[in-house]
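**Student:** First, the structure itself, so that you have it in front of you.
Here, each number is a calculation from the coordinates, and none is a lab measurement. What you are looking at is a predicted structure, and each value in this text was computed from that prediction instead of being measured. Neighbour counts are summed over all protein chains in view; Cβ atoms, including those assigned to glycine, are modelled from backbone coordinates with ideal geometry.
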Amino acid sequence: MRWSSKLPRGRDLLNLAAALATVVPIGIGVLVTAALGAVAVARGVQSVVPEPWFAMLAVGVFLVVTGAAAAVLPSWLTRPGSPRPDPRPPRPKEMASEATGSSDWEATEADRYRRYEEARGLFLVHEARVPSAVPGQKADIVLHLAQHRDGPLSQRKVSGVQYTFGHMFTDHSRVTTRAEGGFAISESIYDPLLVLARVRFNDGTPDLLLERYVNFPGDEEAPRSPRQTKRDPSPPPPSPESGGTG
């Protein structure tokens, strides 16, 4: 004989408990009531000692009523049109995918890990200091490479970095081969801008292009540069200042 490994579900256990709560009290109540009735008939109702016998008779009647209520109550609670509220909070959409066996998070996590591999753990970061020490500029920034765990930067496989700021800068593209500080360079800017960094390696690996949106504290409150306030389709000429906007 092969035993089934399936266990009763919660609804089955509830139905079993309701059935027992119905049958047992009614059965006991009927037996007690019948026995007390037979004794009362045999001795005469008036000859029965009032307190104990009628107390037991009341208990029997109570059990009968309780069993009947237990038989009616479950069907009343689960009747159509009156669903019981679910006390559990609703599950977020990103957690609901677990029930179907698929997860968007797993796919996104795979993409995130792939970014590490494609960039070889290298990232372009920046720090900003406000206000700028250069007249006419808003912030002084420092751009440099950051290495996640062990990689080309920590293994001294980076030969240089070319930083591209944009045509508003006199030196719109600057190259550094100094490895100090993660090939760091400093610049003064008026507005936030996008900076590209082309990383070159000495191990024969193709160049790696990184990007960074360079902003600074208070840039959302700063007045816009003339290029951003005027709708001139033609690009403005390079600024004589060393900094500007990209």
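**Student:** Local charge sum around residue 162 (other residues, Cβ-Cβ under 15 Å, Lys/Arg +1, Asp/Glu -1)? Write out the running numbers ahead of the final one.
**Tutor:** On the way: positive: 174, 178, 198, 200, 212; negative: 171, 187, 207, 211.
After counting each charged neighbour, the total is +1.
**Student:** Between residue 106 and residue 171, what FRET efficiency follows from the Cβ-Cβ distance if R0 is 51 Å, with the result rounded to 0.05? Could you put the intermediate results ahead of the total?
**Tutor:** On the way: r = 45 Å, r/R0 = 0.88.
E(calc), rounded to 0.05, equals 0.70.
**Student:** Within 10 Å of each residue's Cβ, count the other Cβ atoms and sort 189, 141, 28 from fewest upward.
**Tutor:** Final ranking by Cβ density, sparse to dense: 28, 141, 189.
**Student:** Rank the residues 174, 149, 115 as a footprinting-exposure proxy: fewest other Cβ atoms within 10 Å of their Cβ go first.
**Tutor:** Neighbour counts put them in this order, fewest first: 149, 115, 174.
**Student:** With Cβ to Cβ distances under 12 Å as the rule, what net charge do the other residues near residue 121 carry (K, R +1; D, E -1)?
**Tutor:** +1
**Student:** At residue 207 and residue 150, where each label point lies 7 Å from the Cα along Cα→Cβ, what is the point-to-point distance in nanometres?
**Tutor:** Rounded to a tenth, the inter-label distance reads 2.9 nm.
**Student:** Further question: How do 205, 177 rank when sorted from fewest to most other Cβ atoms within 10 Å of their own Cβ?
**Tutor:** 177, 205
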